[in-house]
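Trainee: Please read through the structure below; I'll follow up with questions.
The values are calculated or read from the model by the stated rules, or taken from the named source; none is laboratory data. All of these numbers come straight from a predicted model, not from anything done at the bench. A quick note on method: Cβ atoms are made from the backbone with ideal geometry, for glycine too, and the neighbour counts reach across all protein chains shown. Heavy atoms of the whole protein, side chains included, go into the accessibility calculation; ligands, DNA and RNA do not. Shrake-Rupley method; radii C 1.70, N 1.55, O 1.52, S 1.80 Å.
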Amino acid sequence: MLKMWGNYLTVATRALMRHKVYAFINIFGLALGLAACLLIFLYVRYETGYDRWLPDAGRVYQVQTLYTDPETGARTRQEATEGAAAESLAKEFPQIESIARADSDRVVLLDRDGAAANAELLLADPTLFSILQVPFLRGDRGRALAEADSLVLSRRQAMRRFGTLDVLGRTVTGIRSGEKYALRVTGVFEDLPRNSQLGFDLVSRIRESDKADCGWGCINGVVYLKLRPGASAAAVEAGLPGWEKRNIPRTTVDGKTVSEGDAFDWTLVNVRDVHLSGAEPMWDDRPENDRRTIATFSIVALLILAMACVNFVNLSTARASQRAREVALRKVLGADRRQLIVQFLGESLLLTALAMLIAVALAELTLPWLAAFLQSDLRMTYWGAGGIVLPALLLVAVVGLAGGLYPALYLSRFQPGAVLRANRSAAEPTGSGRLRNLLVIAQFAVSIALMACTAVVYSQTHYAQTVDPGYQRQGLIQATGFNRSVIARQTDTVLAEVAKVPGVTAVAGANIRVASGQTLNVRVSVPGRGDSVTIGWYGAHPDFLETMGIRLLAGRALSRRFANDSAALPIDTPQAGEAGMRSLVARGLNVVVNALAAKQMGFADPAAAIGKQVKANAFGSEYGLLPLTIVGVVQDSRFRSAREPLEPMIFYDSAYFSNLVVRYDSPDPRGVLAGVERVWKRLAPDVPFAGDFADAQLAQLYAQDEARGTTFAGFALLAVVIACLGLFGLAAFTAERRTKEIGIRKVFGARVPDILRLLAWQFSKPVMIANLVAWPLAWWAMRDWLNGFDSRVDLGPAPFVAAGALALAIALGTISGHALRVARLNPIHALRYE
Amino acid sequence: MLSMRELSRVYRTDTVETTALDGIDLEIADGEFVAIMGPSGCGKSTLLNVIGMLDSPTSGSYVFDGREVAGLPEAKLADVRKHNIGFIFQSFNLVDELSVRENVELALLYHDVAAAERRRRVEEVMDRVGIAHRAKHRPSQLSGGQQQRVAVARALVGNPKLILADEPTGNLDTQHGEEVMKMLQQLNREGSTIVMVTHSPSHADYAGRVVNMLDGKILIERRRAA
């Protein structure tokens, strides 16, 4: 028995050594496919493994908000929810063991060296750490947020701020409204892994006043809850509609009773599923992903692996004639079919195992690069629960059997009599060539489809970043934090001083900026129209439109020369602010709207909107509706990603702004940025400067699409390489099989170009047919993908034709060597002896 | 038709030098039917290949149809070959993937012949060798004798001045062998020049002249009494 296997091994190894090209194509092609599969496997496990490490993860849920757009009916999902929900949920649902709300606050903290720096501070209920049981290194999780000035740090923050983990009781100084305050460290927790959706590393206790300020209608944070063991999330969800009715207050706006529950619904999402829930993330810096992307990558990886298997099947059956004699002899010597099948499957498993070794090496080599590229800490371990040894062995078994089964059945079928008697071609039954052709068509269909998709993804990404956004994209600097009280008081001084920086041509403040993640809305009712409409509500300095380069379509821009253009409110005391709002509502406000807003308000064209009055619920129903007079209409502009719909907007002069916007024209943009920073630091040294070039921030919006495009390009390249490896091998065997025919043709007068044309046509046909399969599939997939963009390229024939032509060129290039060799062969070699 | 003087063909590898043809002098006139005989390895097939310009002599002169062809480049040889010579092989050398008609037509594809004319000539020659009723069949569906008829038709369709047959009956049984020989004899009577390599003395009797070879040299030539 052992002798038999030894014999199989000898024959298998020698067969490989004798046909090095065949062996290389099979093993290397398979290794590429397996490596792609391994990498995707690691990636998928990483992406689906978010927050699985949390103790009791199965019972921990995030309360997400579902928003239904009243105009379009479109539903969006977001992680951020109304913190006000937390209290009543805990009261109404006994299944909930514990619940916590957490708001994110951008604060200014002093570094070790005393410099002011922005920091993202999570303000949470004390129950947070009993729900999200992140491992504590120092301190007591139960009491960590007991006091108002408690501060819990991650290991990284502790090391950065103190250089040690033993920091309990030490203080971190913050600055609010120009005043210093102290936070006392009460706990240190282990750094969160990168595949965690919990994006915090500084946690303090939420203030009761903040809770009171952010009631129903204020979506400012996240709510996490833990269910009691055995409690069902579905049961809680089933009770949510009733809970909405009982707990969300109804208010009267413009004579109608409305409630937050009209447009919003709530749902529980397990903490492990948050990452792939498709919800808008609470923290912008957390990587987003969705199940469709993961599924797409998995399918593509499997397709590539299937292509490598196809090469295996194709080459094995193509060279069947060479093994036919061996099969016949073994049969004559007493082997039965079962033994032969075992032999050939064994060979196939051996090849696959060899390929897997190479694949693991390839994966090891490319993983660090891929991990950096996908901004994830993908790691490959061999043993244990997360190890790849078991999946790899499984893959070897599946691929080895899948790739080897058909050749094994096929080869073992040969009848010894026929094979030993006949010339070679008689050993090959008709129809196997057709199967090979079908498989080649399938391979090229995948390659062409991937190439076409890559082209579309790239052109859309390029388009999104270059299409006219409705403002002048180049030469723009933006800085956030312009509304921090110390610098907000000096708004006009800052604007005047920044204007003096060499290279600066215009400067303004606004509550909107390019690539902003923040949306501010107001409900607007138009006289004579039934429903109110939701429109973007953005404070902007009168110079904002000019600074951005947004064109005026009708009327005039805002100006400080008209008293009614100003919505300046006192910011010194809450009482002064309230009085200001009341007098503003009584007086009315002039605004500029964009074309889309004018259209949604029901005006036929921009000019028709000028001078018209609408009413906005700007300050809440207790203050009454603010009358707005439209004095100007500007062109629409796209401040956010091309994925998001164009936004209707109202611009008003709010006197204070969250962003500083600077237009420059200078050969030294960095110098201008530094100049702006100097002005900022001089006027408000305690407010950190957070400024950058707008196009860099915009590019960040499309970083993910670009990464996806590059990943697709990588896959397409891999698919093409594997398809070409297969074609190369097939061409070699076809050339060999057709040597006699080509010899005959040459004897009867065919020249080298005639033969080349013949072979080129033979290999072009499957590639051309592959187009017919690939084009509709790629078109369908890309139309679907492009539908995710509000502004998108036309899906024309160019990328498809180009992909087809490229595939054809690559295929012809691949086979040209063989074709030329066999075309130049002296025919007598082919014809002298059979 | 052709004349060879002091013609040699030597095959060299790194270690061995084999003289396949050694100082051949041979004249073949228009309308002749010549049989070449001899033991295996005597150089018959090499001689036939050189005559058919599938192989080039190492030295000596080869004048075909009044033109010196020894030393012509391959492309030129292919051109001369295609217009003047038809081949018949022992193993038929039909293309399995093509039908009988397509196999015959193959020999005209690389000539400058209009499609209609090509069809006419293919039908005519298939008729002549008695294979027209099998025009749509694949070679694998025919008997050996029928396959060789297809090969003969293919050799004839280009109206060659010279037909070269390399053991045309070698793969056939006696009856089919005789049939093919009678067909070649008939073609010769109708004016074709034929050079045939054969092992069979009885088939050599169909030829007007027999050339006997040994170790690359022509041993004796004898003419059959007419």
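Trainee: Once Lys and Arg get +1 and Asp and Glu get -1 on their Cβ, which of A:Val185, B:Ser45, A:Phe603 lies farthest toward the positive end of the dipole of the protein assembly as shown?
Mentor: B:Ser45
Trainee: Out of the DSSP beta bridges found with both residues in the stretch B:118-226, what percent are antiparallel (nearest 5)?
Mentor: Counting only bridges with both partners in the stretch B:118-226, antiparallel ones make up about 55 percent.
Trainee: Now for a different question. Please compute the modelled spin-label separation between A:Arg14 and B:Glu178, points set 7 Å along Cα→Cβ, answer in nm with one decimal.
Mentor: 4.8 nm
Trainee: What percentages, rounded to whole numbers, describe P(r) for the stretch A:146-274 computed over all alpha carbon pairs with 5 Å bin width beginning at zero?
Mentor: Going from the shortest bin to the longest, the percentages are 2, 8, 12, 14, 15, 14, 12, 10, 8, 4, 1, 0, 0.
Trainee: Would you tally the net charge around A:Asp790, using a Cβ to Cβ cut-off of less than 9 Å, leaving A:Asp790 out, and scoring K and R as +1, D and E as -1?
Mentor: Charge balance in the 9 Å sphere: +2.
Trainee: A follow-up question, please. Can you give the angle from 0 to 90° between the axis of helix A:752-786 and the longest principal axis of chain A, with both taken from C-alpha atoms, to the nearest 10?
Mentor: Relative to chain A, helix A:752-786 is tipped by roughly 30 degrees.
Trainee: Right, something else. Please state the Cα pair-distance histogram of the stretch A:560-652 with 10 angstrom bins from zero: what percent is in each bin?
Mentor: Per 10 Å bin, starting at zero, the Cα-Cα P(r) for the stretch A:560-652 comes out as 16, 40, 31, 12, 0 percent.
Trainee: For the stretch A:70-137, compute the orientation-averaged projected area of the C-alpha convex hull (one quarter of its surface), in nm².
Mentor: 8.3 nm²
Trainee: Would you kindly state how much longer the chain becomes between A:Asp149 and A:Gln474 on full extension, computed as 0.36 nm times their sequence separation minus their alpha carbon distance, in nm to one decimal?
Mentor: 112.6 nm
Trainee: Heavy atoms only, 1.4 Å probe, whole protein assembly: order A:Ile40, A:Ile358 by accessible area, highest first.
Mentor: A:Ile358, A:Ile40
Trainee: Please list the non-local residues whose amide H lies under 5 Å from the amide H of B:Ile218, H modeled 1.01 Å from N, same-chain partners needing a gap of 5 or more.
Mentor: Sorted by chain and number, the residues that satisfy this are B:Asp25.
Trainee: Averaging sequence separations of C-alpha pairs under 8 Å and six or more residues apart, then dividing by the length of the stretch A:115-257, give the relative contact order as a whole percent.
Mentor: Value for the stretch A:115-257: 28 percent.
Trainee: If A:Ile294, B:Ile218 are ordered by their accessible area, calculated over protein heavy atoms with a 1.4 Å probe, which sequence runs from highest to lowest?
Mentor: B:Ile218, A:Ile294
Trainee: What are the semi-axes of the equivalent ellipsoid of the stretch A:663-707, taken as the square roots of 5 times the eigenvalues of the Cα gyration tensor, listed largest first and rounded to whole Å?
Mentor: So the three semi-axes of the stretch A:663-707 are 26, 15, 6 Å.
Trainee: Could you state how much accessible area A:Lys20 has, in square angstrom rounded to the nearest 10, with a 1.4 Å probe and all protein chains kept in place?
Mentor: 130 Å²
Trainee: Here's something else I'd like to know. Sort A:Asp565, A:Asp149 by accessible area with a 1.4 Å probe, largest first.
Mentor: Heavy-atom accessible area, descending, gives A:Asp149, A:Asp565.
Trainee: List the Cys residues of chain A that have no partner Cys with a C-beta closer than 4.7 Å.
Mentor: A:Cys37, A:Cys309, A:Cys453, A:Cys724
Trainee: Taking amide H positions as placed 1.01 Å from N in the peptide plane, with prolines and chain starts having none, which residues 5 or more places from A:Gly539, or on another chain, fall under 5 Å of its amide H?
Mentor: Answer set, sorted by chain and number: A:Asn511, A:Tyr652.
Trainee: So how far apart, in nm, are the two label points at A:Arg156 and A:Asp377 if each is 7 Å from Cα heading toward Cβ?
Mentor: 0.9 nm
Trainee: Would you check the accessible area of A:Trp53, probe 1.4 Å, heavy atoms only, in square angstrom rounded to 10?
Mentor: Solvent-accessible area, nearest 10 Å²: 90 Å².
Trainee: Over 23 Å, how big is the tail of the calculated P(r) for the stretch B:62-145, in percent of all Cα pairs? Intermediate results must be reported in sequence, preceding the final value.
Mentor: Details: 1201 of 3486 pairs.
Across the stretch B:62-145, Cα pairs with separations above 23 Å total 34 percent.
Trainee: Could you give the length gained by full extension between A:Leu168 and A:Ser641, i.e. 0.36 nm per residue of separation minus their alpha carbon distance, to one decimal place?
Mentor: In short, 166.0 nm is gained.
Trainee: Can you give the calculated 222 nm mean residue ellipticity of chain B, where each DSSP H run of n ≥ 4 adds -39,500 (n - 2.57) and the sum is split over every residue, rounded to the nearest 500 deg cm²/dmol?
Mentor: Dividing the helical sum by the residues of chain B leaves -10000 deg cm²/dmol.
Trainee: Follow-up question, since we're still on this one. State the antiparallel share, in %, of DSSP beta bridges confined to chain B, rounding to the nearest 5.
Mentor: 55 percent
Trainee: Karplus couplings for the stretch A:815-821 from phi (6.51 cos²θ - 1.76 cosθ + 1.60, θ = phi - 60°), rounded to Hz, Gly and Pro as x?
Mentor: Per residue, the Karplus-derived 3J(HN,Hα) values read 8, 4, x, 4, 4, 5, 4 Hz.
Trainee: Leaving out ligands, DNA and RNA but keeping every protein chain, what accessible area does B:Asp127 have, in Å² rounded to the nearest 10, with a 1.4 Å probe?
Mentor: Result for B:Asp127: roughly 110 Å² accessible.
Trainee: Other chains near B:84-95: what is the mean number of their Cβ atoms within 10 Å of each residue's Cβ?
Mentor: 4
Trainee: For the stretch A:96-170, what is the convex hull volume of its Cα atoms per residue in Å³?
Mentor: 95 Å³
Trainee: If you average the sequence gap of Cα pairs under 8 Å that are 6 or more apart and divide by the length of the stretch B:117-226, what percent do you get for the contact order?
Mentor: Computed value for the stretch B:117-226: 20 percent relative contact order.
Trainee: So what is the relative contact order of chain A, in percent, for Cα pairs below 8 Å that sit 6 or more residues apart?
Mentor: On the way: 1457 pairs, mean separation 126.0, N = 834.
It rounds to 15 percent for chain A.
Trainee: Turning to a different aspect of this structure: Quick one: Cα convex hull volume of the stretch A:1-159, Å³ per residue? Mind showing how you got there, number by number?
Mentor: Working: hull volume 56.3 nm³, N = 159.
It comes to 354 Å³ per residue, whole-number rounded.
Trainee: Quick check: net charge around A:Thr461, other residues with Cβ under 12 Å of its Cβ, Lys/Arg +1 and Asp/Glu -1?
Mentor: Working: positive: A:Arg643, A:Arg708, A:Arg792; negative: A:Asp705, A:Glu706.
Here the count lands on +1.
Trainee: Another question, then. Taking every alpha carbon pair in the protein assembly as shown, what does the distance histogram look like in 20 angstrom bins from 0, in percent?
Mentor: Result, from short to long distances: 10, 28, 25, 16, 14, 7, 0 percent.
Trainee: Within the stretch A:382-416, list the residues whose amide N lies under 17 Å from a label point set 7 Å along Cα→Cβ of A:Arg338.
Mentor: In the stretch A:382-416, the label zone of A:Arg338 (backbone N under 17 Å from the point 7 Å along Cα→Cβ) covers A:409, A:412-413.
Trainee: What translational diffusion coefficient, in µm²/s and rounded to a whole number, does the Stokes-Einstein relation yield for the stretch B:1-73 at 4 °C and a viscosity of 1.567 mPa s, taking the hydrodynamic radius as the Kirkwood radius over Cα pairs? Write out the running numbers ahead of the final one.
Mentor: Numbers: Rh = 12.8 Å.
Taking Rh from Cα pairs, D becomes 101 µm²/s.
Trainee: Can you list the lysines whose alpha carbon is less than 19 Å from that of A:Lys211, not counting same-chain residues fewer than 8 positions off?
Mentor: Those lysines meeting the cut-off are A:Lys91.
Trainee: Which three lengths, in whole Å and largest first, does the stretch A:189-336 cover when its Cα atoms are put on their principal axes?
Mentor: Taking the Cα atoms of the stretch A:189-336, the three principal extents are 94, 40, 36 Å.
Trainee: Rg and Dmax of the stretch A:455-509, using alpha carbons, in Å: what are they?
Mentor: 16.6, 50
Trainee: Could you derive backbone 3J(HN,Hα) for the stretch A:673-679 from the dihedral phi with the Karplus parameters 6.51, -1.76 and 1.60 (θ = phi - 60°), listing whole Hz in sequence and x where the residue is Gly or Pro?
Mentor: With coefficients 6.51, -1.76 and 1.60, one gets 4, 5, x, 5, 4, 4, 4 Hz.
Trainee: Right, another one. Starting from the Cα gyration tensor of the stretch A:454-570, multiply each eigenvalue by 5, take the square root, and state the resulting semi-axes largest first in whole Å.
Mentor: Taking √(5λ) for each eigenvalue gives 27, 24, 15 Å, largest first.
Trainee: Shifting gears a bit: In deg cm²/dmol and to the nearest 500, what is the mean residue ellipticity at 222 nm of chain A if only DSSP H runs of at least 4 residues count, each as -39500 (n - 2.57), divided by the residue total?
Mentor: Working: 27 runs with 408 residues, N = 834.
So the helix-based figure for chain A works out to -16000 deg cm²/dmol.
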